Structure formats: structure tokens, C-alpha cells
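To start, the structure under review is shown below, and the notes come after it.
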Amino acid sequence: MNPTSGPTTIGVGLISVGWMGRLHSRAYRALPDHFPELGVQPRLVLAADPVPEARHQAVDRLGYESAVADYHEVLADPEVDVVSICSPNFLHREMAVAAAAAGKPFWIEKPMGRYASDSRAIHDAVQRAGVITSVGFNYRHAPAIERARELVRSGRLGRITNVRGSLLADYSSDPDAPLTWRFERERAGSGVLGDLLSHGLDLAQYVVGRIASVTALAETVITDRPVPGAGIVDRSAAATGERKPVENEDYAALLFRFADGAVGTMDSSRVMHGPHAEYTFEVYGTRGSVRWDFQRLNELQVALDGQDVDGYVTHFVAPGDGDFARFQPGAGTAMGYDDLKTIEAAQFIASVRRGEQLAPSVADGLSAASIVEAAEASLVDGAWHDVAQVDGALTYAAATPVI
């Protein structure tokens, strides 16, 4: 980071200029507006992508000073202070381990690796290098979730008895959509277990506490898909007449137990007809409960002993809930998905500036991957499996970060 007469300039490197790479770039650019006390001015230095058109977009549309094909150039550039890794799952381990070895703090999307072994390799590399990290568990940062966590951890809900979660989507519901890398074990790892349920499992741990054991079932609903034509990567693009098997699950359901004895259920699908992004999270205790749906991002349903209304009341998030006040002046004016990523970027940069792990860490990423690993073991034998405990900076158990 290069000091200037004003805010400190922080050089940003981007690996992979897809939808998520563009979103990371917007989040960095939004920091001076929404988090001025960070005292930083992000400088988009260098982007890497093997696709020429993506490199052109990085410069012409996103504002990077230059773009290259080889991500190693991003890691070697002394002007790059932090790196965003937004590549497909099968490249995460290689890139994250290389970033740690280069001493570059990095923000990586989830799932952190295809398998828990990938995530462990990343975690171990970070432990050796001592770099700050961030993992893209953006749903944590919804002000409604922060309020739910406060109610749980303050004891307002009493003893937590059970948790329910459901992550239902339709992005793969078309059986004639091409077989992209997301349906291949070698390049994606699991299906909805890693792609969607890792989000829900992180939420459960962030709000309630550590998940200790799990049993699971899964199903591949659409068993084969058309092979895409040469150069086709978009799932809506035309495909060849050949079809190949889908190698990971379209649907999964988990039953799990928290370390403190509470129980949870969670299911997920990528092939539902109807729900677009119906990600719900519910916590029930002996004195009350809360319910949240991502599709109603700025609302929290709350039922508490002693409240005037018998049943649920709708709490519209407002200043005082998480970082809502940084984006909107009062309840009823909605935040959006991009704002959650701006909060994520702020936690990452604040972590780098302070040398303290505030953002969701690679330890958190490994913790979620370890639950998925235990669930996949259960798919083989139908039994309950203990979840491996993780060492390191587990921010899901820490106090809510103050930036």
C-alpha cells in the first residue's frame, strides 16, 4: 500500500473477470463512499483472464490499468497489494496457495476448494504465510442476519432448540442447458453441497455456533446434459447433440447437530421450478424465534416472549442493524446484493489495514468445507459423521466486526 497526501492508495489485482470479478471490482470502488473511515482509495491495477474479451472488459469497462492472460503476473506485481480470486472452483487451490506464497492478502469466492482437501491446502498455506484472507460468505453481512445473530447471542431467544435452512434455486432447472464445469466432479467438486449449502452452513455457525455432526442424502435429478459447443461457456448457449452424465448432486438434505446440542435441518436444490433464489434461514429458541428470506433481504420475522403481538412481527432493517446506515437513511428503503459485497470488501480491507482477521477467513471456509466433507461421507454409508474441528481464526465465533 502506497501512502499519499490523502487516503492511502491500495493496489488491487483481480484473477478472473467474470460476473463475480466484476462485482468485486464494483465493491472496491464503492469503499470510499460507504466506508470513508477506512482511509483508502482503491486503485485497480491489474486483472488476469485467459479470455481476450474479458481482458478488454477489465480495462475498458471496469477501469483496471492493464490486463494480462497469466495470473502469476498479478501475484508478482509489486503495485498489487491485495488480490481477488474469482475463478472457477477447480483453480482456487492453485491460485490461493500461490497468492499466500507470494505474501498477497486475498479475497476468494466460495466454495474455497472443490473438496475439503483443497480447502485444507489453502488453509495450511495461509497459516504458513500469515497473510490476511477473506472468503465470500456474503449472506453473513445482511443487516437482518446481524440482528438475528444479536438476538440469538444475547439470549433473547432463550436456549436455541433447532435451526431450519433452505437454499432453493432454479439456475439449473432446464434439462437442455449445456453441461458446464459446474456439473463435473473434477472441476466443481460437489454440486449444491458446496455451491449453495456452504453458504447456509456458514450462516448457521455464524448465528448459532459450531456444527458438530451431520447425516445427509442427495439426488441427481437431471442425470445428463448436452455437451456445449466449442468455446461456449454460458449455460443458456446452444449445445451439441451429444449428452454426458451430470457427476454431482442437484439436491441435498442435511440433518445436523450443533456442539451445544441444538439440532438443524437444511436442504438445497439448483433445479427447482418456481424459486429463483429462495434462501431461507430460521432459528427457534425457548423464548422466541426469527425467520429470514434472502428474497426479502431487508426484513426479519421476529417472535419474542412478551411482545404485544402474538406471533411474528416484521422488523424492517434500519440504522443500527449491521451496516445498514452506510447505505440507506431509514427503514423501508432497501439495500441490495451488491451492498453485501461492499461490506465484505470493507471487512477484507480493514483486516489488511489492521493486520487482524475481521473478514470471514480461510478457517471459516475450511470449517464449512469440513461439514460438506462429513455430509459426503454420510452419502456413502447413511450414517452420522462427526465434523472435523478447525484451528485458526474462526470469525464465525468472534464478535461482530466493527470497522
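The values are calculated or read from the model by the stated rules, or taken from the named source; none is laboratory data. Just so we're clear, the structure is a prediction, and the values are computed from it rather than from any experiment. Cβ: placed from backbone, ideal geometry, glycine included. Neighbour counts: every protein chain shown. Heavy atoms of the whole protein, side chains included, go into the accessibility calculation; ligands, DNA and RNA do not. Shrake-Rupley method; radii C 1.70, N 1.55, O 1.52, S 1.80 Å.
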Discussion item. Return the residues of the stretch 369-393 that are under 15 Å from residue 110 (Cβ atoms) and of a type outside the set (Val, Ile, Thr); say none if nothing qualifies.
Written reply: 369, 370, 373
Response to the item:
Subset of the stretch 187-201, residues in a helix (DSSP H, G or I), open to solvent by less than 10 Å² (accessible area, probe 1.4 Å) and under 13 Å from residue 90 (Cβ atoms), comes to 188, 194
Fill in: From 178, 226, residue being crowded, with 19+ Cβ neighbours inside 10 Å and over 29 Å from residue 283 (Cα atoms)
178
Worksheet entry | Filter result (under 22 Å from residue 90 (Cα atoms), among the charged types (D, E, K, R) and open to solvent by less than 30 Å² (accessible area, probe 1.4 Å)) within the stretch 108-152 | 109, 110, 118
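Mind listing whichever residues of the stretch 43-80 are part of a loop (DSSP other than H, G, I, E, B), among the β-branched types (Val, Ile, Thr) and in contact with a strand residue (DSSP E or B) (Cβ under 6 Å, 6 or more places away or on another chain)? Before you say what the answer is, go through the steps one by one.
Of the stretch 43-80, the ones part of a loop (DSSP other than H, G, I, E, B) are 49-51, 61-65, 69-70, 77-80.
Remaining after also requiring among the β-branched types (Val, Ile, Thr): 51, 80.
Across the stretch 43-80, the qualifying residue is only 80.
Find the residue count for the stretch 5-42, including only residues that are in a strand (DSSP E or B) and touching a helix residue (DSSP H, G or I) at 6+ places or on another chain (Cβ under 9 Å).
Applying the first criterion (in a strand (DSSP E or B)) to the stretch 5-42 yields 8-15, 40-42.
Among the residues that remain, those that are also touching a helix residue (DSSP H, G or I) at 6+ places or on another chain (Cβ under 9 Å) are: 8, 10, 12-15, 40-42.
Number of matching residues: 9.
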Discussion item. Condition first: small (Gly, Ala, Ser), within 19 Å of residue 260 (Cα to Cα) and either open to solvent by 40 Å² or more (accessible area, probe 1.4 Å) or out of contact with any Leu (no Cβ under 8 Å at 6 or more places or on another chain) (or both). Now tell me which residues in the stretch 347-384 satisfy that.
Written reply: 370, 374
Practice prompt. Output the residues belonging to the stretch 54-90 that are free of Cβ contacts under 8 Å to residues at least 60 places away in the same chain, surrounded by fewer than 23 Cβ atoms within 10 Å (Cβ to Cβ) and hydrophobic (A, V, I, L, M, F, W, C).
Written response: 54, 59, 62, 67, 68, 69, 76
Worksheet item: Which pairs have Cβ atoms under 6 Å, sit 6 or more apart or on different chains, and link a residue in the stretch 385-403 that is open to solvent by 40 Å² or more (accessible area, probe 1.4 Å) to one that is part of a loop (DSSP other than H, G, I, E, B)?
Response: 393/357; 393/361
